[in-house]
Structures are given as structure tokens and as C-alpha cells.
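Undergrad: If you scroll down you'll find the structure; I have some questions about it.
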Amino acid sequence: MIHIAMNSTSDIVNIIKGRRNTKRFTNRDVSDKEISVLLDSAVWAPNHRNTEPWRFFVIRKNSPLRAEIAKELIDIQEKASGNYLSDIYKQRINDEVQGYPPFIFVYSLIDEIEEITEENYGAACCSVQNMQLVATSMGLSVGWSTGKMTRLKNLQRLLEITEKLKTVGVLTIGEPQWSINKGRTSYEEFTKWF
């Protein structure tokens, strides 16, 4: 059995309570090495049957795929509104996508057996939590979204996905502009003891 000494349980609890789903980041570059640390922590998430069902697709800050992603987001906006977007609005979307810190698209394997598909999804969600907690310990933050960017029409082609995968989300990794103190309802409100 491996035993890793921690300073205290409160260190872990403080990281858990300090984790935030961030939308606003500074301009600090996040290195490939930092992203690699997060991905390494991700693959240590619990996974039933040791399926290792997670798949990660990293979009670096300077990736040419960002222009394609912006184009796809503009297409979604135009279809949703039924109108063409102004050039100014299109440029704002493009600038926003180009300015984001690195993205990690996270997927889980789809199995022929529904139960295994759900176990895989749960494991991939745990992998995201691992990344969020390690990012917090590094002074970084993670924005986890299941919004428009995960529903791009040509995303599978852009990411060269060849397996049957279920979307877990897209993560934006960066240094947070600020951190908001938040509270939670006590676990006592959600727990029954027998």
C-alpha cells in the first residue's frame, strides 16, 4: 500500500473548498508542462474495471484550430438567432476564442453496455475534478463548460476523433483574475444517517 504524507487533512479540504469554476483569466501563459501535470493527475482518477475511459484534446493558445472553433461558434450563434452577425460581433467572438488560455476537450468512452458508458462518464468527471484540484494547488483555475463550444457541428472532425465518445466538457485552464469566496449548504441538509 502506498502512503503519501500530507501536511494535514485540512490542506486537502482547503484546496477542495478553494476550487472555483473560473470564467475570467489573466494573460499569463500556461505552459505545456503545467498542462501535462494536470493531465497526469487526471488519469489517476478512479475508474471501474480499470477502463481508463477518458480522452483529452488540448488546444494550445496559439493553435490554428482556434480560428475554426471561432467560425463554428459564429455559425451556432447565427443559426440560433436566425440572423447574420455583424462583422463587429464576429470579430468579438474570434478575439475571445483567440484570447482564451488553453482548452482541454474532455470525453469519455461510449460502450455497448449502457452501465459501462455511465461508469466511464463518472470516471471522466472524476478526472476533471482531479485537474481542478491540482490546478488550484498550482495557483491556476479551471473553467468547466458543457455549453456551445462542446456542441460545435464539426468538432469531431476538428479534433480527429475516431472513437465513440461522450462529451464531458471543455476546460479552460489559466490563472484566475480573481477568486470569489463562496459558501455551500451544509452536508447535513443532504445527508441521512442510518
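None of the figures in this text is laboratory data; all of them are computed from the coordinates on show. Small disclaimer: the values here were computed from a predicted structure and weren't measured. With ideal geometry, Cβ positions are generated from the backbone for all residues, glycine too; neighbour counts draw on all protein chains shown.
Undergrad: Quick check: residue separation of Val58 and Asp87 times 0.36 nm, minus the Cα distance between them. What number comes out in nm?
TA: This chain segment gains 7.6 nm when fully extended.
Undergrad: On to the next question. Compare Gly143, Gly18, Gly174 in a GNM of the chain, Cα atoms joined below 10 Å, and give the one with the largest fluctuation.
TA: Gly18
Undergrad: What FRET efficiency comes out for Phe194 versus Glu114 if R0 is 35 angstrom and r is the Cβ-Cβ distance? Round to the nearest 0.05.
TA: According to the calculation, E is roughly 0.75.
Undergrad: Also, quick follow-up: Determine, from the Cβ-Cβ distance of Asn181 and Trp44 and an R0 of 30 Å, the FRET efficiency 1/(1 + (r/R0)^6), rounded to the nearest 0.05. Please report the intermediate quantities before stating the final value.
TA: On the way: r = 29 Å, r/R0 = 0.96.
Approximately 0.55, to the nearest 0.05.
Undergrad: Taking the 0 to 90 degree range and rounding to the nearest ten, how far is the long axis of helix 87-99 tilted relative to the main principal axis of the chain, both from C-alpha atoms?
TA: The angle comes out near 30 degrees.
Undergrad: Relative to the longest principal axis of the C-alpha atoms of the chain, give the angle of the C-alpha long axis of helix 114-137, reported between 0 and 90° and rounded to the nearest 10°.
TA: 90
Undergrad: Given the rule -39500 (n - 2.57) for each run of at least 4 DSSP H residues, summed and divided by the residues of the chain, what is its mean residue ellipticity at 222 nm, to the nearest 500 deg cm²/dmol?
TA: Estimated from H runs of four or more residues: -13000 deg cm²/dmol.
Undergrad: If I fit a long axis through the Cα atoms of helix 9-18 and take the longest principal axis of the Cα atoms of the chain, what angle between them do I get, 0 to 90°, rounded to 10?
TA: Roughly 20 degrees between the two axes.
Undergrad: Let me ask you something else. Counting other C-beta atoms within 10 Å, which of Tyr89, Tyr107, Tyr187 has the fewest, and how do the rest follow?
TA: Numbers: Tyr89 13, Tyr107 24, Tyr187 7.
Lowest to highest Cβ neighbour count: Tyr187, Tyr89, Tyr107.
Undergrad: I've got another one for you. Taking 0.36 nm per residue of sequence separation and subtracting the Cα-Cα distance, how much length would be gained by fully extending the chain between Thr26 and Ser137, in nm to one decimal?
TA: 38.3 nm
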